[in-house]
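The structure follows.
Quick note: the coordinates plus some simple rules give every number you see, no bench work behind them. As the structure is a computational prediction, the values presented were derived from the model and not from experiment. Heads up, the Cβs are rebuilt from the backbone with ideal geometry, glycines too, and the neighbour counts pull from every protein chain shown.
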Amino acid sequence: MTVFQPHLRGRLAPHRLSTVTTTIPGRLRSHPDPRRHPLHEAIDVFAIALNRWLDRFAWARSLHRAHLARTEYRRVSLPVAADRAALHGLRIAFLTDLHAGAYLHEPELQELFDRVMAQEPDLICFGGDLVNTRAEEIELFDRPLRSLRAPLGVYAVAGNHDHRWTPDIGSWQDYLERRGVQVLANQGVRIERGDASLWLAGVDDLTDGQPDVRRALWGRAKSEPTLVLAHQPDHFPELAQHGVDLVLSGHTHGGQIKAFGWAPIAHTRHGYLDGGFACPHGGRSRLHVSRGVGVTILPFRMGARPEVTIVEVEAKPQR
């Protein structure tokens, strides 16, 4: 299937989004971007043009493929109370920041999903930024998603790129849901295994979406283990106030280009660049920031290997 037509490849996607009105619960809504400084708009246009120009070259895609071959499958523990023993051993695969269309196309997605399936996950979650700078890039997921199956389901949240470059984010949601991926738009679901359950929630993007944490957590039972998908890690302080157990985020790419522990572009005001973080004001809440899989603008990473996070639930006595 040909995804990109010649007349689309060189065209810059419109930056302004149209308003889509809906009252359906769990439905993503597009809304006009807030007014941005002309310099920021100019930087965006330049970065997009550079990204699309480089994507035309075989060497750029080969370079990115070499990085994908080094993807780390990073283990993260999610402790739960011993009386929820039925959840013990549950395995969750978390993929974020694929940026499909930026050096990563259908063959690479298929290879990646095949490797994820080899991890035998019970649950699969996407953390946003599935597309890079074109709405039609979501079509790259058509065939690969057919091979992505998990006994407890496949879920996703939207990222800032998904919102910014998809004029109707509702169509992005519909596309995924028609292919078996439930999008959690400020919404939660109860994941049941045996006689125990886990509350899985997703909040909309922090800057380009319309996040509603209370709505996402509405319906969870008292003391029910809670896992939240939030594209941007700077959402963590608010989520921690609600006593969630674990937040999974991406957005930062681990810096993408990092030297001696320093990244020129971090995409976080709180220093949540990569790895695990404890609750900023005490409590049990934890955050894990994945480096993600894809890249944007440049076709390589430095000091920030691609990552697929594997969360393993452990039932043990709580302190």
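In the set 150, 135, 158, which member is of a type outside the set (Ser, Thr, Tyr), surrounded by 18 or more Cβ atoms within 10 Å (Cβ to Cβ) and farther than 22 Å from residue 103 by Cα?
Answer to the check: 150.
Same structure, new question: Any residue at all in region 289-296 that is crowded, with 21+ Cβ neighbours inside 10 Å and of a type in the set (Lys, Arg)?
Within region 289-296, one or more residues are crowded, with 21+ Cβ neighbours inside 10 Å and of a type in the set (Lys, Arg).
How many residues are hydrophobic (A, V, I, L, M, F, W, C), in contact with a Leu (Cβ under 7 Å, 6 or more places away or on another chain) and under 30 Å from residue 109 (Cβ atoms) when one looks only at region 263-319?
10
Restricting region 178-195 to residues that are more than 22 Å from residue 218 (Cα to Cα) and charged (D, E, K, R), which is surrounded by the fewest Cβ atoms within 10 Å (Cβ to Cβ)?
Restricting to residues being more than 22 Å from residue 218 (Cα to Cα) and charged (D, E, K, R), the top hit is 178.
I'd like to verify a number: residues in region 284-302 that are among the small types (Gly, Ala, Ser) and touching a helix residue (DSSP H, G or I) at 6+ places or on another chain (Cβ under 6 Å), how many?
Matching residues across region 284-302 total 2.
Using beta carbons and a limit of 9 Å, which pairs, at least six apart or on different chains, have the first residue in region 209-225 and within 20 Å of residue 87 (Cα to Cα) and the second one part of a loop (DSSP other than H, G, I, E, B) and of a type in the set (Gly, Ala, Ser)?
Listed by first residue and then by second, the contacts come to 223/81; 225/81.
Name every residue in region 132-153 that is in a helix (DSSP H, G or I) and not aromatic (Phe, Trp, Tyr), in order of residue number.
Across region 132-153, the qualifying residues are 135, 136, 137, 138, 139, 140, 142, 143, 144, 145, 146.
Quick test of your reading of the structure: residue 198 fulfils all but one of (1) out of contact with any Ser or Thr (no Cβ under 9 Å at 6 or more places or on another chain); (2) crowded, with 24+ Cβ neighbours inside 10 Å. Name the failing condition by number.
Residue 198 satisfies all of (1) out of contact with any Ser or Thr (no Cβ under 9 Å at 6 or more places or on another chain); (2) crowded, with 24+ Cβ neighbours inside 10 Å except (1).
Also: How many of the residues in region 50-100 are of a type in the set (Ser, Thr, Tyr) and assigned to a helix (DSSP H, G or I)?
Count: 1.
In region 75-110, which residue that is among the charged types (D, E, K, R) and surrounded by 18 or more Cβ atoms within 10 Å (Cβ to Cβ) is nearest to residue 244 (Cα to Cα)?
Residue satisfying both the conditions and the ranking: 84.
Which of the residues spanning region 272-291 are within 16 Å of the chain's Cα centre (by Cα), hydrophobic (A, V, I, L, M, F, W, C) and in a loop (DSSP other than H, G, I, E, B)?
273
Select, from 267, 281, 253, the only residue that is more than 30 Å from residue 55 (Cβ to Cβ) and out of contact with any strand residue (DSSP E or B) (no Cβ under 8 Å at 6 or more places or on another chain).
The conditions single out 281.
Given (1) within 18 Å of the chain's Cα centre (by Cα); (2) over 22 Å from residue 145 (Cα atoms), identify the lone condition not met by residue 170.
Unmet for residue 170, out of (1) within 18 Å of the chain's Cα centre (by Cα); (2) over 22 Å from residue 145 (Cα atoms): (2).
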